[in-house]
Amino acid sequence: MGMLALLHGASSSEMRILKTDDIDQQAHTVRLGKRPHPVPLDPASWTVLLRCLAHREAWRTDNPHVMVTKGTKAGRSPASTAYLSHVLDDCGFPPRMIRSTRLVDLVNTMDPKLVAAAFGMDPQATLIYLADHVDPGRLPDH
């Protein structure tokens with residue numbers, strides 16, 4: 001989850017509802033939430049996803065979700081919101097902060113409307129990620 005949040009801005013809810021059917025093994029892409037297009041994964045993210053799938057397979061579960069817990073392996077429901085909010089406790093950063101770091105970078109280096117479109121977000125939602133800093137190189141010469 002940490003890799004997808006950091007590199008691809010995946011939210012906890014996108015990870016929570018991610019199913020094995022959302023993965024394209026040939027194209028190395030995943031469908032995340034309401035995003036309009038599949039997300040191509042870099043080699044590091046793809047490797048982590050494969051490890052997650054191998055862990056899931058070792059549990060011999062029929063649960064369609066990628067993230068399966070002891071409590072969900074016998075059923076078909078996704079991992080709980082509480083589980084996802086604490087899954088990265090060992091790294092010291094919550095998933096929301098990791099995702100926000102990526103979105104701040106994207107919104108401040110690209111057009112916020114393009115970021116909103118790529119992430120399936122309302123354009124107004126990206127405005128909270130605008131930093132209180134103006135790059136002098138972007139200002140017109142006086």
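The values are calculated or read from the model by the stated rules, or taken from the named source; none is laboratory data. Treat the numbers as computed from the prediction; the structure is a model and nothing was measured. Every residue, glycine as well, gets a Cβ built from its backbone with ideal geometry; the counts of neighbours run over all protein chains shown. Surface accessibility is based on the protein's heavy atoms, side chains included, excluding ligands, DNA and RNA. Shrake-Rupley method; radii C 1.70, N 1.55, O 1.52, S 1.80 Å.
Odds and ends about this structure:
- Calculated Rg and Dmax of region 65-108 using C-alpha coordinates, Å: 13.4, 43
- Computed Rg/Rh of region 81-142, alpha carbon atoms with Kirkwood Rh: 1.11
- Note that region 24-127 shows a convex hull volume over its alpha carbon atoms of 135 Å³ per residue.
- Sparse packing (at most 11 other Cβ atoms within 10 Å of the Cβ) combined with a DSSP loop state is found for the following trypsin sites (Lys or Arg not before Pro) in region 29-103: 34, 60, 70, 76.
- Accessible carbon and sulfur surface of region 4-142 relative to its total accessible area, %, 1.4 Å: 57
- For residue 24, solvent-accessible area (1.4 Å; no DNA, RNA or ligand), Å²: 60
- Only helices enter this figure: runs of n ≥ 4 DSSP H residues, each worth -39500 (n - 2.57), summed and divided by the residues of the chain, yield -12000 deg cm²/dmol at 222 nm to the nearest 500.
- Counting heavy atoms of the protein chains alone, residue 39 has an accessible area of about 20 Å² for a 1.4 Å probe.
- Residues 110, 3 ordered from highest to lowest accessible area at a 1.4 Å probe: 110, 3.
- Solvent exposure of the chain amounts to 64 Å² per residue of accessible area, where only protein heavy atoms count and the probe is 1.4 Å.
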